[in-house]
Amino acid sequence: MSLQDGDPRGRQDSGEVSGIPRLGGMEDSSLRGTAAPGGSRTDVMAEGWEPGPALGDGDVTPEGAPQRARQPEEALMTELSELVQKVVKSSSWWERHGVDISILACSLLLLPAGFLCLRSAQAIPFLAGVLTLGVVHHTLTVKGSHLASHNALTESKSWGKVWAIFFIELCSAFTVEQATYNHVKIHHGYTNVIGLGDSSTWKLPFLNRYVYMFIAPLAVPILTPLVALDLLRNVEWKAALRTLCCMFLGFYCHYWLLLHVSGFQSPWSALLCMLLTRSLLAHPYIHVNIFQHIGLPMFAADRKPKRIHLMSLGVLNLPRNALLDWSFGHSLISCHVEHHLFPSLSDNMCLKIKPIVSQYLKQKKLPYNEDTYSSRLWLFLQRYEELMVHAPPITELVGIQ
(Lines give C-alpha, C1' and ligand atoms only; values in the text may rest on other atoms or scores of the structure.)
Protein backbone atom coordinates (compact mmCIF):
# COMPACT_ATOMS: atom_id res chain seq x y z
CA MET A 1 0.00 0.00 0.00
CA SER A 2 1.95 2.93 -1.26
CA LEU A 3 1.01 6.26 0.28
CA GLN A 4 1.66 9.05 -2.16
CA ASP A 5 1.69 12.83 -1.69
CA GLY A 6 -1.86 14.09 -1.66
CA ASP A 7 -3.14 10.87 -0.13
CA PRO A 8 -5.06 11.74 3.06
CA ARG A 9 -2.90 9.37 5.01
CA GLY A 10 0.13 11.65 4.79
CA ARG A 11 3.58 11.32 3.32
CA GLN A 12 5.94 8.47 4.02
CA ASP A 13 9.66 8.67 3.59
CA SER A 14 9.87 4.98 2.81
CA GLY A 15 8.10 1.70 3.16
CA GLU A 16 5.41 0.01 1.15
CA VAL A 17 2.99 -2.52 2.55
CA SER A 18 0.49 -4.29 0.38
CA GLY A 19 -3.06 -3.80 1.57
CA ILE A 20 -6.69 -4.04 0.61
CA PRO A 21 -8.70 -1.13 2.01
CA ARG A 22 -12.43 -1.62 2.17
CA LEU A 23 -15.37 0.29 3.51
CA GLY A 24 -17.37 -1.20 6.29
CA GLY A 25 -18.62 -0.79 9.82
CA MET A 26 -16.40 -3.46 11.32
CA GLU A 27 -16.08 -2.53 14.96
CA ASP A 28 -15.28 -4.51 18.04
CA SER A 29 -18.49 -3.69 19.83
CA SER A 30 -17.56 -5.78 22.82
CA LEU A 31 -14.84 -3.29 23.68
CA ARG A 32 -16.83 -0.12 23.23
CA GLY A 33 -18.16 1.77 26.20
CA THR A 34 -15.76 0.09 28.62
CA ALA A 35 -15.94 1.99 31.88
CA ALA A 36 -12.75 3.38 33.30
CA PRO A 37 -11.58 1.59 36.40
CA GLY A 38 -11.00 3.23 39.73
CA GLY A 39 -7.97 5.28 40.54
CA SER A 40 -5.73 2.36 41.48
CA ARG A 41 -6.23 0.55 38.17
CA THR A 42 -5.78 3.23 35.55
CA ASP A 43 -2.26 2.14 34.70
CA VAL A 44 -3.36 -1.28 33.46
CA MET A 45 -2.44 -1.78 29.82
CA ALA A 46 -5.14 -2.51 27.26
CA GLU A 47 -6.12 -6.11 26.77
CA GLY A 48 -5.20 -7.34 23.35
CA TRP A 49 -2.36 -4.82 23.02
CA GLU A 50 0.86 -6.65 22.30
CA PRO A 51 3.66 -4.15 22.92
CA GLY A 52 7.33 -4.64 22.55
CA PRO A 53 9.40 -4.35 25.70
CA ALA A 54 8.26 -1.28 27.57
CA LEU A 55 10.87 1.28 28.53
CA GLY A 56 10.75 2.18 32.16
CA ASP A 57 9.27 -1.18 33.17
CA GLY A 58 12.58 -2.96 33.12
CA ASP A 59 15.62 -3.25 30.94
CA VAL A 60 15.34 -5.03 27.65
CA THR A 61 18.11 -7.44 26.76
CA PRO A 62 18.41 -10.11 24.09
CA GLU A 63 18.56 -12.77 26.81
CA GLY A 64 15.38 -11.46 28.42
CA ALA A 65 13.37 -11.04 25.24
CA PRO A 66 10.05 -12.93 25.28
CA GLN A 67 9.59 -16.00 23.16
CA ARG A 68 7.02 -14.29 20.97
CA ALA A 69 9.72 -11.87 19.81
CA ARG A 70 10.99 -14.63 17.56
CA GLN A 71 8.19 -13.77 15.18
CA PRO A 72 9.50 -11.36 12.52
CA GLU A 73 7.25 -8.39 13.33
CA GLU A 74 7.77 -8.62 17.09
CA ALA A 75 11.49 -9.14 16.61
CA LEU A 76 11.60 -5.77 14.85
CA MET A 77 10.03 -4.06 17.87
CA THR A 78 12.41 -5.86 20.21
CA GLU A 79 15.44 -4.83 18.15
CA LEU A 80 14.29 -1.21 18.02
CA SER A 81 13.57 -1.25 21.76
CA GLU A 82 17.09 -2.43 22.47
CA LEU A 83 18.57 0.38 20.37
CA VAL A 84 16.45 2.96 22.18
CA GLN A 85 17.16 1.43 25.58
CA LYS A 86 20.88 1.93 25.02
CA VAL A 87 20.28 5.63 24.42
CA VAL A 88 18.08 5.89 27.51
CA LYS A 89 20.65 4.15 29.69
CA SER A 90 23.42 6.47 28.51
CA SER A 91 21.30 9.61 29.09
CA SER A 92 21.55 11.71 32.22
CA TRP A 93 18.64 12.56 34.52
CA TRP A 94 18.69 16.05 33.00
CA GLU A 95 18.07 14.61 29.55
CA ARG A 96 15.47 12.09 30.72
CA HIS A 97 13.43 14.44 32.90
CA GLY A 98 15.24 17.67 33.72
CA VAL A 99 14.76 19.51 30.44
CA ASP A 100 10.98 19.08 30.44
CA ILE A 101 10.65 19.81 34.15
CA SER A 102 12.62 23.03 33.60
CA ILE A 103 10.23 24.11 30.84
CA LEU A 104 7.26 23.54 33.13
CA ALA A 105 9.01 25.34 36.00
CA CYS A 106 9.83 28.33 33.78
CA SER A 107 6.18 28.47 32.76
CA LEU A 108 5.09 28.62 36.38
CA LEU A 109 7.64 31.38 37.07
CA LEU A 110 6.20 33.42 34.19
CA LEU A 111 2.73 33.50 35.75
CA PRO A 112 3.34 36.60 37.96
CA ALA A 113 4.67 38.58 34.98
CA GLY A 114 1.61 37.62 32.92
CA PHE A 115 -0.89 38.67 35.57
CA LEU A 116 0.99 41.94 36.23
CA CYS A 117 1.10 42.81 32.52
CA LEU A 118 -2.70 42.66 32.47
CA ARG A 119 -2.79 45.61 34.89
CA SER A 120 -1.53 47.93 32.17
CA ALA A 121 -3.95 50.21 30.35
CA GLN A 122 -1.66 50.20 27.31
CA ALA A 123 -2.28 47.73 24.51
CA ILE A 124 1.19 46.23 24.10
CA PRO A 125 1.82 45.25 27.76
CA PHE A 126 -1.78 43.99 28.04
CA LEU A 127 -1.44 41.82 24.94
CA ALA A 128 1.92 40.59 26.23
CA GLY A 129 0.12 39.49 29.38
CA VAL A 130 -2.56 37.67 27.40
CA LEU A 131 0.08 35.94 25.27
CA THR A 132 2.16 34.98 28.31
CA LEU A 133 -0.78 33.54 30.25
CA GLY A 134 -2.08 31.76 27.15
CA VAL A 135 1.23 30.06 26.42
CA VAL A 136 1.77 29.19 30.10
CA HIS A 137 -1.75 27.75 30.36
CA HIS A 138 -1.25 25.46 27.38
CA THR A 139 2.23 24.44 28.49
CA LEU A 140 0.85 23.31 31.84
CA THR A 141 -2.38 21.79 30.57
CA VAL A 142 -1.17 20.14 27.36
CA LYS A 143 2.54 19.40 27.81
CA GLY A 144 2.36 18.95 31.59
CA SER A 145 -0.82 16.86 31.56
CA HIS A 146 0.39 14.71 28.69
CA LEU A 147 3.71 13.90 30.32
CA ALA A 148 2.02 13.32 33.68
CA SER A 149 -0.52 10.91 32.17
CA HIS A 150 2.39 8.77 30.97
CA ASN A 151 4.36 9.21 34.22
CA ALA A 152 7.18 10.65 32.11
CA LEU A 153 8.09 13.45 34.53
CA THR A 154 9.56 11.21 37.20
CA GLU A 155 10.59 7.63 37.80
CA SER A 156 8.58 7.55 41.04
CA LYS A 157 4.98 6.33 40.74
CA SER A 158 4.00 8.22 43.90
CA TRP A 159 5.30 11.54 42.61
CA GLY A 160 3.86 10.69 39.22
CA LYS A 161 0.41 10.53 40.79
CA VAL A 162 0.97 13.91 42.48
CA TRP A 163 2.02 15.54 39.21
CA ALA A 164 -0.92 13.95 37.40
CA ILE A 165 -3.39 15.46 39.88
CA PHE A 166 -1.69 18.85 39.67
CA PHE A 167 -1.47 19.11 35.90
CA ILE A 168 -4.59 17.19 34.84
CA GLU A 169 -7.07 18.16 37.54
CA LEU A 170 -5.89 21.46 39.00
CA CYS A 171 -4.55 23.03 35.80
CA SER A 172 -6.60 21.28 33.11
CA ALA A 173 -9.93 20.78 34.93
CA PHE A 174 -10.15 17.11 33.97
CA THR A 175 -10.14 13.83 35.86
CA VAL A 176 -6.92 11.83 36.19
CA GLU A 177 -8.63 8.44 36.04
CA GLN A 178 -10.55 9.13 32.85
CA ALA A 179 -7.70 11.03 31.18
CA THR A 180 -5.31 8.17 31.83
CA TYR A 181 -7.82 5.52 30.83
CA ASN A 182 -8.92 7.15 27.59
CA HIS A 183 -5.49 8.36 26.50
CA VAL A 184 -3.05 5.74 27.74
CA LYS A 185 -5.15 2.60 27.71
CA ILE A 186 -7.49 3.23 24.78
CA HIS A 187 -5.74 5.70 22.45
CA HIS A 188 -2.27 4.22 22.86
CA GLY A 189 -3.41 0.63 23.31
CA TYR A 190 -5.62 0.69 20.23
CA THR A 191 -4.16 3.41 18.02
CA ASN A 192 -6.23 3.76 14.83
CA VAL A 193 -8.41 0.76 15.71
CA ILE A 194 -12.00 1.41 14.65
CA GLY A 195 -14.35 2.04 17.56
CA LEU A 196 -11.53 2.33 20.11
CA GLY A 197 -8.43 4.45 19.46
CA ASP A 198 -9.53 5.83 16.09
CA SER A 199 -9.69 9.47 17.29
CA SER A 200 -13.43 9.55 16.50
CA THR A 201 -14.05 11.46 19.74
CA TRP A 202 -12.62 14.50 17.96
CA LYS A 203 -15.24 14.31 15.21
CA LEU A 204 -18.31 16.55 15.23
CA PRO A 205 -19.99 15.69 11.92
CA PHE A 206 -22.88 18.13 12.46
CA LEU A 207 -20.45 21.07 12.11
CA ASN A 208 -19.26 22.23 8.71
CA ARG A 209 -15.56 22.38 7.96
CA TYR A 210 -15.02 26.08 8.64
CA VAL A 211 -16.95 26.12 11.91
CA TYR A 212 -15.11 23.04 13.15
CA MET A 213 -11.63 24.12 12.09
CA PHE A 214 -11.78 27.82 13.03
CA ILE A 215 -14.66 28.59 15.42
CA ALA A 216 -15.38 25.47 17.49
CA PRO A 217 -11.88 25.39 19.09
CA LEU A 218 -12.78 28.55 21.02
CA ALA A 219 -15.21 26.44 23.05
CA VAL A 220 -12.54 24.01 24.28
CA PRO A 221 -12.08 25.76 27.67
CA ILE A 222 -15.85 25.49 28.28
CA LEU A 223 -16.36 21.97 26.95
CA THR A 224 -13.39 20.41 28.77
CA PRO A 225 -14.76 20.75 32.34
CA LEU A 226 -18.27 19.85 31.17
CA VAL A 227 -17.00 16.61 29.64
CA ALA A 228 -14.99 15.95 32.80
CA LEU A 229 -18.08 16.37 34.98
CA ASP A 230 -19.97 13.90 32.83
CA LEU A 231 -17.14 11.36 33.05
CA LEU A 232 -17.05 11.57 36.84
CA ARG A 233 -19.93 9.11 36.87
CA ASN A 234 -17.42 6.40 35.92
CA VAL A 235 -14.99 6.91 38.80
CA GLU A 236 -15.08 6.19 42.51
CA TRP A 237 -16.71 8.83 44.71
CA LYS A 238 -13.43 9.69 46.45
CA ALA A 239 -11.71 10.34 43.14
CA ALA A 240 -14.73 12.32 41.92
CA LEU A 241 -14.69 14.49 45.04
CA ARG A 242 -10.96 15.12 44.68
CA THR A 243 -11.42 16.06 41.04
CA LEU A 244 -14.24 18.49 41.84
CA CYS A 245 -12.16 20.17 44.53
CA CYS A 246 -9.13 20.50 42.26
CA MET A 247 -11.21 21.81 39.36
CA PHE A 248 -12.86 24.42 41.57
CA LEU A 249 -9.54 25.45 43.12
CA GLY A 250 -7.90 25.84 39.70
CA PHE A 251 -10.72 27.97 38.28
CA TYR A 252 -11.08 30.07 41.42
CA CYS A 253 -7.34 30.79 41.70
CA HIS A 254 -7.26 31.98 38.09
CA TYR A 255 -10.35 34.13 38.62
CA TRP A 256 -9.09 35.56 41.96
CA LEU A 257 -5.69 36.49 40.50
CA LEU A 258 -7.33 38.33 37.61
CA LEU A 259 -9.44 40.36 40.05
CA HIS A 260 -6.86 41.08 42.74
CA VAL A 261 -3.53 41.06 40.89
CA SER A 262 -4.46 42.07 37.35
CA GLY A 263 -7.02 44.57 38.62
CA PHE A 264 -10.09 43.57 36.61
CA GLN A 265 -13.09 45.51 37.92
CA SER A 266 -15.88 43.33 36.53
CA PRO A 267 -16.36 39.60 37.08
CA TRP A 268 -17.48 39.29 33.46
CA SER A 269 -14.31 40.92 32.14
CA ALA A 270 -12.23 38.54 34.27
CA LEU A 271 -14.16 35.55 32.93
CA LEU A 272 -13.75 36.80 29.37
CA CYS A 273 -10.00 37.12 29.91
CA MET A 274 -9.94 33.57 31.29
CA LEU A 275 -11.67 32.33 28.14
CA LEU A 276 -9.27 34.28 25.93
CA THR A 277 -6.09 32.98 27.54
CA ARG A 278 -7.35 29.41 27.85
CA SER A 279 -8.32 29.28 24.16
CA LEU A 280 -5.24 31.06 22.81
CA LEU A 281 -3.73 27.89 21.33
CA ALA A 282 -6.95 25.88 21.11
CA HIS A 283 -6.88 25.89 17.31
CA PRO A 284 -3.51 24.12 16.93
CA TYR A 285 -4.50 21.87 19.84
CA ILE A 286 -7.53 20.57 17.93
CA HIS A 287 -5.70 20.51 14.61
CA VAL A 288 -2.71 18.55 15.91
CA ASN A 289 -4.96 15.92 17.47
CA ILE A 290 -6.74 15.21 14.20
CA PHE A 291 -3.85 15.75 11.78
CA GLN A 292 -1.66 13.03 13.25
CA HIS A 293 -4.09 10.09 13.11
CA ILE A 294 -7.24 10.75 11.11
CA GLY A 295 -6.73 10.06 7.41
CA LEU A 296 -4.10 7.42 8.12
CA PRO A 297 -4.86 3.67 7.85
CA MET A 298 -7.54 2.40 10.26
CA PHE A 299 -7.89 -1.22 11.34
CA ALA A 300 -10.54 -3.56 12.69
CA ALA A 301 -9.90 -4.73 16.25
CA ASP A 302 -9.63 -8.37 15.19
CA ARG A 303 -7.34 -7.63 12.24
CA LYS A 304 -4.92 -5.05 13.58
CA PRO A 305 -1.23 -5.53 12.79
CA LYS A 306 1.54 -5.91 15.33
CA ARG A 307 2.63 -2.91 17.34
CA ILE A 308 5.49 -1.61 15.19
CA HIS A 309 3.37 -1.74 12.02
CA LEU A 310 0.35 -0.27 13.81
CA MET A 311 2.30 2.73 15.05
CA SER A 312 4.36 3.33 11.93
CA LEU A 313 1.28 3.23 9.72
CA GLY A 314 -1.18 5.06 11.96
CA VAL A 315 0.87 7.97 13.35
CA LEU A 316 2.28 11.08 11.67
CA ASN A 317 4.94 13.62 12.64
CA LEU A 318 4.64 17.35 12.01
CA PRO A 319 7.68 19.63 11.55
CA ARG A 320 9.30 21.30 14.56
CA ASN A 321 7.74 24.57 15.64
CA ALA A 322 9.21 26.65 18.46
CA LEU A 323 5.88 27.74 19.95
CA LEU A 324 4.18 24.36 19.73
CA ASP A 325 7.30 22.46 20.82
CA TRP A 326 7.37 24.56 23.98
CA SER A 327 3.63 24.53 24.68
CA PHE A 328 2.64 21.02 23.54
CA GLY A 329 5.94 19.15 23.64
CA HIS A 330 7.97 17.28 21.03
CA SER A 331 6.02 14.05 21.59
CA LEU A 332 2.84 15.73 20.32
CA ILE A 333 4.43 17.58 17.38
CA SER A 334 7.59 16.37 15.65
CA CYS A 335 8.12 13.10 17.57
CA HIS A 336 4.62 11.63 17.65
CA VAL A 337 5.70 8.39 15.98
CA GLU A 338 8.47 7.99 18.55
CA HIS A 339 6.03 8.78 21.35
CA HIS A 340 3.57 6.10 20.26
CA LEU A 341 6.33 3.53 20.02
CA PHE A 342 7.83 4.49 23.41
CA PRO A 343 5.12 6.37 25.35
CA SER A 344 6.91 6.40 28.70
CA LEU A 345 9.72 8.63 27.41
CA SER A 346 9.74 12.39 28.03
CA ASP A 347 9.53 14.95 25.24
CA ASN A 348 13.27 15.57 25.28
CA MET A 349 14.04 11.85 25.09
CA CYS A 350 11.59 11.41 22.19
CA LEU A 351 13.53 14.13 20.37
CA LYS A 352 16.82 12.41 21.20
CA ILE A 353 15.75 9.00 19.86
CA LYS A 354 14.07 10.46 16.76
CA PRO A 355 17.10 9.90 14.44
CA ILE A 356 17.39 6.29 15.61
CA VAL A 357 13.70 5.51 15.14
CA SER A 358 13.38 7.22 11.76
CA GLN A 359 16.55 5.60 10.43
CA TYR A 360 15.50 2.16 11.70
CA LEU A 361 12.00 2.31 10.20
CA LYS A 362 13.32 3.50 6.85
CA GLN A 363 16.04 0.86 6.90
CA LYS A 364 13.45 -1.87 7.49
CA LYS A 365 11.21 -0.45 4.73
CA LEU A 366 8.52 0.51 7.24
CA PRO A 367 6.43 3.69 6.90
CA TYR A 368 7.58 6.87 8.63
CA ASN A 369 4.81 9.42 8.09
CA GLU A 370 5.68 13.12 7.99
CA ASP A 371 3.77 16.12 6.66
CA THR A 372 3.57 19.86 7.21
CA TYR A 373 0.93 21.66 9.27
CA SER A 374 -0.23 23.72 6.28
CA SER A 375 -0.46 20.66 4.06
CA ARG A 376 -2.62 18.79 6.57
CA LEU A 377 -4.81 21.85 7.14
CA TRP A 378 -5.44 22.21 3.42
CA LEU A 379 -6.12 18.49 3.11
CA PHE A 380 -8.71 18.54 5.90
CA LEU A 381 -10.42 21.60 4.45
CA GLN A 382 -10.55 19.99 1.02
CA ARG A 383 -11.64 16.51 2.17
CA TYR A 384 -13.46 17.34 5.40
CA GLU A 385 -16.51 15.14 4.79
CA GLU A 386 -14.41 12.14 3.81
CA LEU A 387 -12.12 12.46 6.84
CA MET A 388 -14.35 13.92 9.56
CA VAL A 389 -17.92 12.89 8.68
CA HIS A 390 -17.97 9.53 6.92
CA ALA A 391 -16.76 6.28 8.43
CA PRO A 392 -13.12 5.60 7.51
CA PRO A 393 -12.17 2.67 5.27
CA ILE A 394 -10.68 -0.32 7.07
CA THR A 395 -7.18 -1.28 5.96
CA GLU A 396 -6.04 -4.89 5.75
CA LEU A 397 -2.34 -5.65 5.44
CA VAL A 398 -1.71 -8.79 3.42
CA GLY A 399 0.85 -11.06 5.05
CA ILE A 400 1.28 -8.89 8.17
CA GLN A 401 -1.38 -9.97 10.66
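Filter the range 371-398 down to the residues that are under 28 Å from TRP326 (Cβ atoms), hydroxyl-bearing (Ser, Thr, Tyr) and assigned to a helix (DSSP H, G or I) and list them by number.
Answer for the range 371-398, where residues must be under 28 Å from TRP326 (Cβ atoms), hydroxyl-bearing (Ser, Thr, Tyr) and assigned to a helix (DSSP H, G or I): TYR373, SER374, SER375.
Does any residue of the range 140-153 turn out to be small (Gly, Ala, Ser), surrounded by fewer than 19 Cβ atoms within 10 Å (Cβ to Cβ) and without any contact (Cβ under 8 Å) to a residue 24 or more places away in the chain?
Of the residues in the range 140-153, the ones small (Gly, Ala, Ser) are 144-145, 148-149, 152.
Still in the running and surrounded by fewer than 19 Cβ atoms within 10 Å (Cβ to Cβ): none.
Within the range 140-153, not a single residue is small (Gly, Ala, Ser), surrounded by fewer than 19 Cβ atoms within 10 Å (Cβ to Cβ) and without any contact (Cβ under 8 Å) to a residue 24 or more places away in the chain.
Restricting attention to the range 321-370, report how many residues are in a loop (DSSP other than H, G, I, E, B) and either farther than 20 Å from ILE286 by Cβ or open to solvent by less than 10 Å² (accessible area, probe 1.4 Å) (or both). It would help to see each step written out before you state the result.
Initial filter on the range 321-370 (in a loop (DSSP other than H, G, I, E, B)): 321, 328-329, 333-335, 342-346, 364-368.
Add one more test, that the residue is either farther than 20 Å from ILE286 by Cβ or open to solvent by less than 10 Å² (accessible area, probe 1.4 Å) (or both), and what stays is 328-329, 333-335, 342-346, 364-368.
The number of residues fulfilling the criteria is 15.
Residues being open to solvent by less than 60 Å² (accessible area, probe 1.4 Å) and closer than 16 Å to ALA164 by Cβ: count how many of those fall in the range 243-261.
4
Can you tell me which of THR224, THR175, THR191 is touching a His at 6+ places or on another chain (Cβ under 7 Å) and open to solvent by less than 50 Å² (accessible area, probe 1.4 Å)? First the steps, then the outcome.
Details: THR224 fails: touching a His at 6+ places or on another chain (Cβ under 7 Å); THR175 fails: touching a His at 6+ places or on another chain (Cβ under 7 Å).
Just one listed residue meets the conditions, THR191.
Given the conditions (1) touching a Gly at 6+ places or on another chain (Cβ under 9 Å); (2) farther than 17 Å from SER149 by Cβ, which single one is not true for SER346?
(2)
For every residue, the table says whether it meets (1) among the hydrophobic types (A, V, I, L, M, F, W, C); (2) free of Cβ contacts under 8 Å to residues at least 40 places away in the same chain.
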{"position": "VAL220", "(1), (2)": "yes, no"}
{"position": "LEU231", "(1), (2)": "yes, no"}
{"position": "ASN234", "(1), (2)": "no, no"}
{"position": "SER269", "(1), (2)": "no, yes"}
{"position": "LEU272", "(1), (2)": "yes, yes"}
{"position": "GLN292", "(1), (2)": "no, no"}
{"position": "LYS304", "(1), (2)": "no, no"}
{"position": "LEU310", "(1), (2)": "yes, no"}
{"position": "PRO319", "(1), (2)": "no, no"}
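What is the residue count in the range 229-246 for residues that are assigned to a helix (DSSP H, G or I) and in contact with a helix residue (DSSP H, G or I) (Cβ under 6 Å, 6 or more places away or on another chain)? Write out each step before concluding.
The first filter runs over the range 229-246 and keeps only residues assigned to a helix (DSSP H, G or I), leaving 229-234, 237-246.
Then drop every residue that is not in contact with a helix residue (DSSP H, G or I) (Cβ under 6 Å, 6 or more places away or on another chain), which leaves 231-232, 239-240, 243, 246.
Here the count works out to 6.
Checking the structure you have, find out if any residue of the range 182-193 is in contact with a Pro (Cβ under 9 Å, 6 or more places away or on another chain), at pLDDT below 95 and over 28 Å from HIS97 (Cβ atoms).
yes
Condition (residue is assigned to a loop (DSSP other than H, G, I, E, B), open to solvent by 40 Å² or more (accessible area, probe 1.4 Å) and of a type outside the set (Asp, Glu)) applied to the range 306-318: is it met by at least one residue? Walk me through how you get there before you give the answer.
Kept after step one, since they are assigned to a loop (DSSP other than H, G, I, E, B), are these residues of the range 306-318: 306, 315, 318.
The next check asks that each one be open to solvent by 40 Å² or more (accessible area, probe 1.4 Å); those that pass are 306.
Filter once more, keeping what is of a type outside the set (Asp, Glu): 306.
Checked the range 306-318: at least one residue is assigned to a loop (DSSP other than H, G, I, E, B), open to solvent by 40 Å² or more (accessible area, probe 1.4 Å) and of a type outside the set (Asp, Glu).
Yes/no per residue for (1) within 18 Å of LYS354 (Cα to Cα); (2) open to solvent by 80 Å² or more (accessible area, probe 1.4 Å); (3) modelled with pLDDT of 80 or more; (4) within 25 Å of the chain's Cα centre (by Cα):
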position: ALA54; (1), (2), (3), (4): yes, no, no, yes
position: PRO66; (1), (2), (3), (4): no, no, no, no
position: ALA75; (1), (2), (3), (4): no, no, yes, no
position: LEU80; (1), (2), (3), (4): yes, no, yes, yes
position: GLN85; (1), (2), (3), (4): yes, no, yes, yes
position: SER90; (1), (2), (3), (4): yes, yes, yes, no
position: GLU95; (1), (2), (3), (4): yes, no, yes, yes
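Let me spell it out: the conditions are (1) within 25 Å of HIS330 (Cα to Cα); (2) in contact with a helix residue (DSSP H, G or I) (Cβ under 6 Å, 6 or more places away or on another chain); (3) open to solvent by 20 Å² or more (accessible area, probe 1.4 Å); (4) hydrophobic (A, V, I, L, M, F, W, C), and LEU133 meets all of them except one. Which number is the exception?
Exception for LEU133: condition (3).
Need the failing condition index for VAL398 against (1) modelled with pLDDT of 95 or more; (2) in contact with a strand residue (DSSP E or B) (Cβ under 9 Å, 6 or more places away or on another chain); (3) open to solvent by 60 Å² or more (accessible area, probe 1.4 Å), just the number.
(1)
Sort out which residues of the range 252-284 are assigned to a loop (DSSP other than H, G, I, E, B) and not aromatic (Phe, Trp, Tyr), and write them in order of number.
The first filter runs over the range 252-284 and keeps only residues assigned to a loop (DSSP other than H, G, I, E, B), leaving 261-266, 279-281.
Residues satisfying the conditions are VAL261, SER262, GLY263, GLN265, SER266, SER279, LEU280, LEU281.
Table: residues versus (1) out of contact with any helix residue (DSSP H, G or I) (no Cβ under 8 Å at 6 or more places or on another chain); (2) at pLDDT below 95.
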site	(1), (2)
LEU204	no, yes
TYR212	no, no
TRP256	yes, no
HIS260	yes, no
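The values are calculated or read from the model by the stated rules, or taken from the named source; none is laboratory data. In this text, all values refer to a predicted model and were calculated from it rather than measured experimentally. Because the Cβ atoms are built from the backbone with ideal geometry, glycine has one as well, and the counts that use them run over all protein chains shown. Heads up: the accessible areas ignore ligands, DNA and RNA and are worked out on the full protein's heavy atoms, side chains in. Shrake-Rupley method; radii C 1.70, N 1.55, O 1.52, S 1.80 Å.
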